[in-house]
Amino acid sequence: MESRIIPDPSVVREELIKKYPPKVAKKRGKAIVINDPAEIPQVQANIRTIPGIITQRGCSYAGCKGVVLGPTRDIVNLVHGPIGCSFYAWLTRRNQTRPDGPESENFMTYCFSTDMQEEHVVFGGEKKLKQAIQEAYDLFHPKAIGIFSTCPVGLIGDDVHAVAKEMREKLGDCNIFGFSCEGYKGVSQSAGHHIANNQVFKHVVGLDDSDKGGRFKINMLGEYNIGGDAFEIERLLEKCGITMVASFSGNSTVGQFENSHTADLNVVMCHRSINYMAEMMETKYGIPWMKVNFIGAESSAKSLRRIARYFEDDELMAKVEAVIAEEMPAVTSVIEDIYPKTKGKLAMLFVGGSRAHHYQELFGELGMETLSAGYEFGHRDDYEGRKVIPNIKVDADSKNIEELKISPDPEKYRPRKSEEELATMKAEGLDISEYEGMMPDMKKGSLVIDDISHYESEKLIELYKPDIFCAGIKEKYVVQKMGVPLKQLHSYDYGGPYAGFTGAINFYRDIDRMVNSRVWKLIQAPWEETATELEADYVTQ
Ligand code: CFM
C-alpha cells in the first residue's frame, strides 16, 4: 500500500469554509466538526440549507411518499399535484417487493397522480382529487389509498384530509387517508418521515387484532428493501424462528401495518425515518424497541443475538448461534481473500440519515477507514445519540410538524416487559429505546459534516483523496470525473442486497472491484496533461 499523508482535520475544516462569506462560513462551520468519540462535540443538524448552496437534500414529499410509504405494495399511493412530482418519484428508489402470488396486488409499478393543471391551481383541485380516488377505486379496488400533497396543494389550500374522509365514507371498504407532506413542509425529507409515521399510526396501525401466530414476534422498522435487503433479513429471521409481523416498510402490505401492534418487539434499523413509530407504539401498546443494524456481517450477528436476548429464550439463543455459525464461514473466506487488497484504503460517506453510519461497519470489515461522514438530513440524535434529545432546540420548522399526543390504549395496551425487566436488560447492556448515534463509532479526528454542500465535497476530495466516496446519483458523475469511484449507497448502483451475511459478501466484492480498478488513474484526458493554460478551475478561482 502506498503511504500517504492525511491532512490535519482542522486545516481541512478551515479550507472548506474559507471561501464562504463570513455569515455563511460561521453557519457552515457549526455543521463541520472534528470528532472525538470520548467527548462528542455538538453538531448543527436539521436546519435549513442556506439558499444558494447546492445541497444533497430532497423534500418532505420525497420522505413521506417515496421513502416511508413507497415500498408498501398494496396501497395506492396517489400523488395530488403536477405530474412531475409523481414521475420523479416513480420506481427510482429500487425498493423491491415480492407479492405472495401472481394474483396478489402490487401497485408499486404504477404511477398514480391527479395530474394537476393550472386550472386546478387557480380554482382548486379537490374535485379532481375525488375523481382520481374514484377512478383508482373502480379500477383496482385497493384496501387502502394514500393521498400525498405536493407543494401547490398546500399553497392553494386543498383539504386532502376532508376529501379522504368523504371518500372513505362514500366507498365504505377502502381505507383512505391523506398526508400533508408538501415539499416545503420541513427542511428536508426528514419532515416527510415524521408526517408519514403519524398518519400510518393514526389511520392504519391497530386495525387488525388477529393473532397470526409465531413465538417470537417482531416488527422490522426502518428497513426499506433497497436492492433486496429485506429479503436477506427475512431469510435470516425465518431461519432463526423469529416471526416478522410487519415491516415498515420494505416488502410490506397494509395488512401488516394493521396487525403490527400484536408484535412483542420493534427492532429499528433506520432510526431517523421511523423512531416516531417505535415511540408511539411503545406508548400506546407497550411494545419496547431496540436499535439493530443488519448492515455488516458482525453487526448482523450482533443484532440477531440482541433479539434473542430480549426474548430470554435458550432455544432461540441456541438457534441464533447455530445460524451465525452456519452463515459466517462464507463471509470469512471472502474477507480473507479481499482484506489484503482493501486494508488501509480510505472512504467517505455522505448519505441520508442512517446509512452514513451503518455502512462504516462494512468498510471496517474490509479494513478501510472512514475519514469523513455525514448525513443529509439526520438530526443531532443521529450523530450524537438520543441522550441529546432533551437539549435539541426546537425551531419553527420543526414545530410545523404535528406531534401526536399518544396515551396507552385502554384495551390494547399490554406492556411486553415490566419496568424491572427492562431495567435489568439495560443494566446488562441490552440497549432498549436507545441509539448512540454515529459519532461514538467514528475515530478521533474524523470530520463529521452535516448537509454537506457540493462545493465542500469537491474540496474534501481534493484534500483527502479518498479511495471511494459514497453518496447518490446527483453526486456520482461529478465525483467520478475527479478520478474517485463513487458507490451509491441509496440505490446500490443496481447491485445489492448488502444486508445480512450474503449482503456483506456482495458489498465486499463490489467495493474491491471499485477501489482496486486502475481505470480511475486514467481519468485525466491527454489534453489535460499537456495544455495547462486551458485549465478552468471553478473551485479555486
Ligand atoms: Fe433511512 Fe433509508 Fe437512510 Fe432514509 Fe433516504 Fe434511503 Fe437514505 Mo436514500 S429511510 S434515512 S430518506 S436508511 S431513500 S432507504 S438511502 S436517503 S440513508
### Query
Does any residue of region 192-205 turn out to be in contact with a Gly (Cβ under 8 Å, 6 or more places away or on another chain) and either over 23 Å from PHE107 (Cα atoms) or at pLDDT below 95 (or both)?
yes
### Query
What are the residues in region 35-92 that are open to solvent by less than 10 Å² (accessible area, probe 1.4 Å) and away from the ligand (no atom under 15 Å from the Cβ), if any?
ASN35, VAL43, ILE75, VAL76, LEU78, VAL79, HIS80, GLY81, SER86
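If you take the residues of region 116-129 that are part of a loop (DSSP other than H, G, I, E, B) and surrounded by 14 or more Cβ atoms within 10 Å (Cβ to Cβ), which of them is farthest from the ligand (Cβ to nearest atom)? Even if it seems obvious, please write down each step before you answer.
Of the residues in region 116-129, the ones part of a loop (DSSP other than H, G, I, E, B) are 116-117, 124-125.
Cutting the leftovers down to surrounded by 14 or more Cβ atoms within 10 Å (Cβ to Cβ) gives us 116, 124-125.
Details: MET116: 25, GLY124: 31, GLY125: 27 Å.
Within region 116-129, the match that is farthest from the ligand (Cβ to nearest atom) is GLY124.
Within the group PHE377, PHE363, which residue is within 16 Å of the ligand (Cβ to nearest atom), part of a loop (DSSP other than H, G, I, E, B) and hydrophobic (A, V, I, L, M, F, W, C)? Even if it seems obvious, please write down each step before you answer.
Working: PHE363 fails: part of a loop (DSSP other than H, G, I, E, B).
Answer to the selection: PHE377.
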### Message
Could you tell me how many of the residues in region 189-222 are within 25 Å of TYR435 (Cβ to Cβ), touching a His at 6+ places or on another chain (Cβ under 9 Å) and surrounded by fewer than 22 Cβ atoms within 10 Å (Cβ to Cβ)?
### Response
1
### Task
Residues that are open to solvent by less than 50 Å² (accessible area, probe 1.4 Å) and in contact with a strand residue (DSSP E or B) (Cβ under 6 Å, 6 or more places away or on another chain): find the helices (runs of 4 or more DSSP H) completely inside region 382-466 holding 1 or more of those.
454-464
### Query
Do any strands (runs of 3 or more DSSP E) lying entirely in region 186-278 carry at least 1 residues that are within 16 Å of the ligand (Cβ to nearest atom), touching a residue at least 12 places away in the same chain (Cβ under 8 Å) and β-branched (Val, Ile, Thr), and which ones are they?
265-268
### Query
Considering region 360-404 alone, what residues qualify as being aromatic (Phe, Trp, Tyr) and in contact with a Lys or Arg (Cβ under 7 Å, 6 or more places away or on another chain)?
PHE377
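Taking ARG93 as the residue in question, decide whether it is under 23 Å from LEU221 (Cβ atoms), basic (Lys, Arg) and out of contact with any strand residue (DSSP E or B) (no Cβ under 9 Å at 6 or more places or on another chain). Please lay out each step first, then the result.
Numbers: under 23 Å from LEU221 (Cβ atoms): yes; basic (Lys, Arg): yes; out of contact with any strand residue (DSSP E or B) (no Cβ under 9 Å at 6 or more places or on another chain): no.
When the stated conditions are applied, ARG93 does not pass them.
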### Query
Got a number for residues in region 480-501 being open to solvent by 10 Å² or more (accessible area, probe 1.4 Å), part of a helix (DSSP H, G or I) and either touching a helix residue (DSSP H, G or I) at 6+ places or on another chain (Cβ under 7 Å) or at negative phi (or both)?
2
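The values are calculated or read from the model by the stated rules, or taken from the named source; none is laboratory data. Quantities reported herein were computed from a predicted structural model and do not represent experimental measurements. Cβ: placed from backbone, ideal geometry, glycine included. Neighbour counts: every protein chain shown. Ligands, DNA and RNA are stripped out before the accessible areas are found, and what is left, the full protein with its side chains, is counted by its heavy atoms. Shrake-Rupley method; radii C 1.70, N 1.55, O 1.52, S 1.80 Å.
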